[in-house]
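Take a look at the structure set out below.
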Amino acid sequence: MTFSSQYPQKRMRRNRRDDFSRRLVRENHLRVDDLIYPVFVLDGHKQEEQVASMPGVVRQSVDLLLFQAEQCLRLGIPALAIFPVVDASLKTLTADEAYNPDGLVPRAVRELKKRFPELGIITDVALDPYTSHGQDGLIDDNGYVLNDETVAVLRKQALAHAQAGADIVAPSDMMDGRIAAIRATLDQDYCIHTRILAYSAKYASSFYGPFRDAVGSAAMLGAGNKYTYQMDPANSNEALWEVGLDIQEGADMVMVKPGLPYLDIVRRVKDEFGVPAFVYQVSGEYAMLKAAAMNGWLDEKACVTEALLSFKRAGADAILTYFAPVVAGWLQENS
Ligand code: PBG
């Protein structure tokens, strides 16, 4: 045997040997600047409810949400994404509450922007919290979600959010043509600074289950599904097509959702377009990690950090995660 065949040609482990050199060659980092915190807001005063399938996550009234917002600001989290829990009595076939300028979301936005103007506020543009059937749009007699009729309502909803002071409106409905329509509506009313975060590659995922419990749309949706508008989990090229259209239509940032099962999509989107690409670690991903951690089966801090870092490695610029404040706390401890 020759000398050279007894030894590895290159010792990759040399850089891994010590903490200092592992730090020097580390390619990706998770920072507080990467985090967006999704929150559930309720009507009323001093109201707080636990979300059963998402331990540690609450629905709360705006007065209590202000404390969370203050905490986020203190931790350095750049933005909150608000999701409303709408009273069943306000849900209708035509989703009129979605564009009520004095509805829960516009009121929450006004309060938050008044108290914390420097905290970014993102609102969800979709009709599912407001429809009596839990679909993201208006339906015909057969239950099919109507595209153009829905977009007409989404325009009004986005405008109500923007006029209340939302910094970013985020259409999560997956109707065709909604980005261009919303951009035109916003521009006509001089909301030229309002950014659009397009949920471009939003899959018809079963990982949204706990979220639908949290906002109370699960009961409305019943056995219904969203297969005629959200994307088939089997598809990848189609995601690029969607993203390309949304960019053309005026999106300022695009999103891939869910996160961990769709890392390949994040990478393809980033490589193909190079635009700001966000990813949503959705409710089911949170529930899985949390359940395992609570059972002592996984180390919460290590596994959550690893999952979030994987989004960065895949090319994501920002991450919507229910772990945001917890992670921001860990990052502060480490710095
Ligand atoms: C609905 C909406 C959903 C989520 C965000 N906005 C659920 C759905 O499409 O049914 C899911 C988020 C999560 O699971 O954390 N417009």
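What follows is calculated from the coordinates using simple rules that are stated; it is not laboratory data. All of these numbers come straight from a predicted model, not from anything done at the bench. Cβ: placed from backbone, ideal geometry, glycine included. Neighbour counts: every protein chain shown.
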(request) Measure off 7 Å from each Cα along the Cα-to-Cβ vector at ALA88 and GLU49, then give the distance between these two points in nanometres to one decimal. (result) 1.0
(request) Enumerate by residue number the chymotrypsin sites (Phe, Trp or Tyr not before Pro) in the stretch 185-250 meeting two conditions: DSSP loop (anything except H, G, I, E, B), and at most 10 other Cβ atoms within 10 Å of the site's Cβ. (result) TYR190, TYR227
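Which of the GluC sites (Glu not before Pro) across the stretch 84-140 are loop residues per DSSP, with 16 or fewer other Cβ within 10 Å?
In loop regions of the stretch 84-140 (DSSP not H, G, I, E or B), the sparsely surrounded GluC sites (Glu not before Pro) are GLU118.
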(request) Give the order of THR94, THR305 when sorted by the count of other beta carbons within 10 angstrom, beginning with the fewest. (result) THR94, THR305
(request) Taking DSSP loops as anything outside H, G, I, E and B, show the longest stretch in the chain free of trypsin sites (Lys or Arg not before Pro) there with at most 14 other beta carbons within 10 Å. (result) 47-335
(request) Determine the relative contact order of the chain: mean sequence separation of Cα pairs under 8 Å and six or more apart, normalised by residue count, in whole percent. (result) 18
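In what order do CYS72, CYS191, CYS303 fall by count of nearby beta-carbon atoms within 10 Å, going from fewest to most? Walk me through the numbers on the way to the answer.
Working: CYS72 24, CYS191 19, CYS303 15.
Lowest to highest Cβ neighbour count: CYS303, CYS191, CYS72.
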(message) Taking 0.36 nm per residue of sequence separation and subtracting the Cα-Cα distance, how much length would be gained by fully extending the chain between ASP96 and SER335, in nm to one decimal?
(response) 81.3 nm
(message) Would the stretch 29-334 count as rounded, prolate or oblate if I go by the C-alpha gyration tensor, calling it rounded below 1.5 in a/c and otherwise prolate when a/b exceeds b/c, oblate otherwise?
(response) rounded
(message) Using a Gaussian network model on the chain with a 10 Å cutoff between Cα atoms, which of ILE192, ILE36, ILE121 fluctuates the most?
(response) ILE192
(message) Just want the ordering: PHE116, PHE20, from fewest to most Cβ atoms lying within 10 Å of their own Cβ.
(response) PHE20, PHE116
(message) Taking loop as defined by DSSP and a crowding limit of 16 other beta carbons within 10 Å, which chymotrypsin sites (Phe, Trp or Tyr not before Pro) in the stretch 66-145 fit?
(response) TYR144
